[in-house]
Amino acid sequence: MPKSSNQKLKLLYLLKMFLEETDENNSLTMSEIILKLKELGINAERKSLYDDFEQLNIFGLDICKTSEKIPGYYNLATQFELPELKLLIDAVQSSKFVTEKKSLELISKIEKLTSRHNAGKLRRQVYIANRVKTRNEKVFYNVDKIYDAIGENKKISFKYFNYTIEKEKLYRKDGREYEESPVTLMWDDENYYLVAYNSKHSNYVHYRVDRMENIKILTDERTIPDGHFDTAHYAKKVFSMFSGEETLVTMRFDNSLINVAFDRFGMDITPFKDGDNHFIIKTGVSVSQQFFGWIASLGARAEIVSPENVREDFVSMMNDVLKIHK
């Protein structure tokens with residue numbers, strides 16, 4: 001059989017065919033494979049295709065044969081299983097820091113990591129419309145630039161803004177640029193945050209990445225304390241990424257809240273029994289109204305025991321809330 005001009009592309013087309021059109025539930029018969037190659041201008045014989053399958057197996061595929069009367073062939077080797085891809089899509093579509101446009105682009109790329117048949121199953125679980133999403137399309141580039149600065153051990157400058165009632169940007173510091181030493185990026189409450197060290201005030205601060213603009217990598221090296229920054233510890237003590245003075249707080253909880261306490265503070269806390277129905281924990285907390293709000297959401301099943309000033313501040317906040325609701 002004479003060779004066509006596309007003959008050298010046969011292995012590549014076979015690779016594409018097996019990756020895009022087959023999986024453990026969808027196969028192609030030998031006749032279907034030969035016909036598809038013919039439509040691409042490539043002549044193929046059964047014997048040569050068996051050799052090609054073997055070459056693809058050596059390359060990393062796992063070409064399997066069905067046990068049907070007319071057998072089909074499919075690729076079993078995949079980088080991701082379908083449940084793993086569903087998990088990735090769930091993460092993308094539920095992430096507030098990813099814009100709707102970028103979410104759809106990412107999901108389209110994730111679908112290409114499996115066969116067309118499985119991609120159809122993934123597409124049926126995509127729900128983007130009416131979800132809360134950021135409006136800042138540059139968030140991906142912000143993340144990339146921050147990681148570059150950390151890798152190069154450099155400071156960054158940027159502008160930071162909030163939104164007004166009219167949905168317009170209101171820049172902090174009258175639009176002047178911030179200069180910070182980036183430490184790490186972390187995820188909290190479905191948002192991306194930059195954690196930076198502010199040498200002027202000798203403390204850690206954080207910023208919503210989707211509210212940062214005009215990020216520039218500076219020539220100055222970062223000024224950060226020696227030693228490892230414990231991201232997990234920082235996340236546990238800060239509530240909804242609102243800063244406050246870190247304080248050792250003792251709290252008393254109903255036994256029914258033990259899993260809530262572990263979810264919030266981690267499994268390394270040590271609960272102490274307090275009678276038959278309660279337990280006590282003592283841990284460092286960044287005291288803020290968000291922390292008080294979390295305690296309040298647990299109702300009469302949670303109590304701040306000490307220190308007294310934190311307990312008094314909580315009572316004061318609750319009284320203020322009661323006043324405006326009377």
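The values are calculated or read from the model by the stated rules, or taken from the named source; none is laboratory data. Model, not experiment: these values are computed from the prediction. Using ideal geometry, Cβ is built from the backbone for each residue, glycine included, and neighbour counts are taken over all protein chains shown. Areas reflect the complete protein model, heavy atoms only, side chains present, ligands, DNA and RNA absent. Shrake-Rupley method; radii C 1.70, N 1.55, O 1.52, S 1.80 Å.
Report, by residue number, each residue of region 258-282 that is at pLDDT below 90, in contact with a helix residue (DSSP H, G or I) (Cβ under 6 Å, 6 or more places away or on another chain) and not small (G, A, S).
Result: F265, single match.
Please determine, by comparing only the residues of region 171-193 that are hydrophobic (A, V, I, L, M, F, W, C) and modelled with pLDDT under 90, which one is nearest to I215 (Cα to Cα).
Of all residues in region 171-193, those hydrophobic (A, V, I, L, M, F, W, C) come to 183, 185-187.
Filter once more, keeping what is modelled with pLDDT under 90: 185-187.
Numbers: L185: 14, M186: 17, W187: 19 Å.
Per the criteria, the residue is L185.
In the set Y13, Y73, which member is part of a strand (DSSP E or B) and closer than 21 Å to H117 by Cβ?
On the way: Y13 fails: part of a strand (DSSP E or B).
Of Y13, Y73, the one residue that is part of a strand (DSSP E or B) and closer than 21 Å to H117 by Cβ is Y73.
Mind listing whichever residues of region 158-172 are surrounded by 10 or more Cβ atoms within 10 Å (Cβ to Cβ) and not hydrophobic (A, V, I, L, M, F, W, C)?
Initially, region 158-172 is screened for residues surrounded by 10 or more Cβ atoms within 10 Å (Cβ to Cβ), giving 158-163, 169-172.
Listed by number, the residues that qualify are K159, Y160, N162, Y163, K169, Y171, R172.
Quick one: in region 283-321, which of the residues that are among the hydroxyl-bearing types (S, T, Y) and exposed (fewer than 12 other Cβ atoms within 10 Å of the Cβ) is farthest from N255 (Cα to Cα)?
As a first pass, look at region 283-321 and keep what is among the hydroxyl-bearing types (S, T, Y): 283, 286, 288, 297, 306, 316.
With exposed (fewer than 12 other Cβ atoms within 10 Å of the Cβ) added as a condition, the list becomes 297, 316.
Working: S297: 16, S316: 26 Å.
Restricting to residues being among the hydroxyl-bearing types (S, T, Y) and exposed (fewer than 12 other Cβ atoms within 10 Å of the Cβ), the top hit is S316.
Restricting the search to region 249-263, which residues are surrounded by 16 or more Cβ atoms within 10 Å (Cβ to Cβ) and assigned to a helix (DSSP H, G or I)?
Within region 249-263, the first condition is being surrounded by 16 or more Cβ atoms within 10 Å (Cβ to Cβ), and the residues that meet it are 249-254, 257, 260-261.
Passing the criteria: L257, V260, A261.
Restricting to region 34-48, and then to whatever is within 14 Å of L12 (Cβ to Cβ) and either in contact (Cβ under 8 Å) with a residue 40 or more places away in the chain or not charged (D, E, K, R) (or both), can you tell me which residue is most open to solvent (accessible area, probe 1.4 Å)? Even if it seems obvious, please write down each step before you answer.
Looking only at region 34-48, we keep the residues that are within 14 Å of L12 (Cβ to Cβ), and these are 36-37, 40-42, 44.
Remaining after also requiring either in contact (Cβ under 8 Å) with a residue 40 or more places away in the chain or not charged (D, E, K, R) (or both): 37, 40-42, 44.
Values: L37: 0, L40: 66, G41: 32, I42: 1, A44: 13 Å².
For region 34-48, the residue satisfying everything is L40.
Would you tally the residues in region 179-203 being more than 23 Å from the chain's Cα centre (by Cα) and either among the acidic types (D, E) or within 18 Å of F140 (Cβ to Cβ) (or both)?
Summing the residues that are more than 23 Å from the chain's Cα centre (by Cα) and either among the acidic types (D, E) or within 18 Å of F140 (Cβ to Cβ) (or both) in region 179-203 gives 2.
Going through region 267-282 one residue at a time, which ones are among the basic types (K, R) and within 14 Å of V249 (Cβ to Cβ)? Quick ask: steps written out before the conclusion?
Initially, region 267-282 is screened for residues among the basic types (K, R), giving 273, 282.
Matches in region 267-282: K282 only.
Take the residues in region 202-218 that are of a type in the set (S, T, N, Q) and open to solvent by 70 Å² or more (accessible area, probe 1.4 Å), then tell me which one is nearest to A149 (Cα to Cα). So that I can check it myself, show each step before the final result.
So the first thing to find is which residues in region 202-218 are of a type in the set (S, T, N, Q), and the list is 202-203, 214.
Pick out the ones that are also open to solvent by 70 Å² or more (accessible area, probe 1.4 Å) and you get 202, 214.
Values: S202: 20, N214: 14 Å.
Residue satisfying both the conditions and the ranking: N214.
Output yes when any residue across region 219-235 is at pLDDT below 85, surrounded by 13 or more Cβ atoms within 10 Å (Cβ to Cβ) and in contact with a Phe, Trp or Tyr (Cβ under 6 Å, 6 or more places away or on another chain), and no when none is.
no
What are the residue pairs meeting all of these: first residue in region 284-312, first residue within 14 Å of R264 (Cα to Cα) and part of a helix (DSSP H, G or I), second residue aromatic (F, W, Y) and open to solvent by 10 Å² or more (accessible area, probe 1.4 Å), Cβ atoms under 7 Å, and 6 or more apart or on different chains?
Q290/F242; F292/F314; I295/F314
Looking at T223 and the list (1) farther than 27 Å from D263 by Cβ; (2) in a strand (DSSP E or B); (3) touching a residue at least 40 places away in the same chain (Cβ under 8 Å), which single condition is not satisfied?
Unmet for T223, out of (1) farther than 27 Å from D263 by Cβ; (2) in a strand (DSSP E or B); (3) touching a residue at least 40 places away in the same chain (Cβ under 8 Å): (2).
Residues are listed down the side, and each one gets a yes or a no for (1) in contact (Cβ under 8 Å) with a residue 60 or more places away in the chain; (2) of a type in the set (A, V, I, L, M); (3) assigned to a loop (DSSP other than H, G, I, E, B):
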position	(1), (2), (3)
N142	yes, no, no
I146	yes, yes, no
G151	no, no, no
L170	no, yes, no
L218	yes, yes, no
G227	no, no, yes
T247	yes, no, no
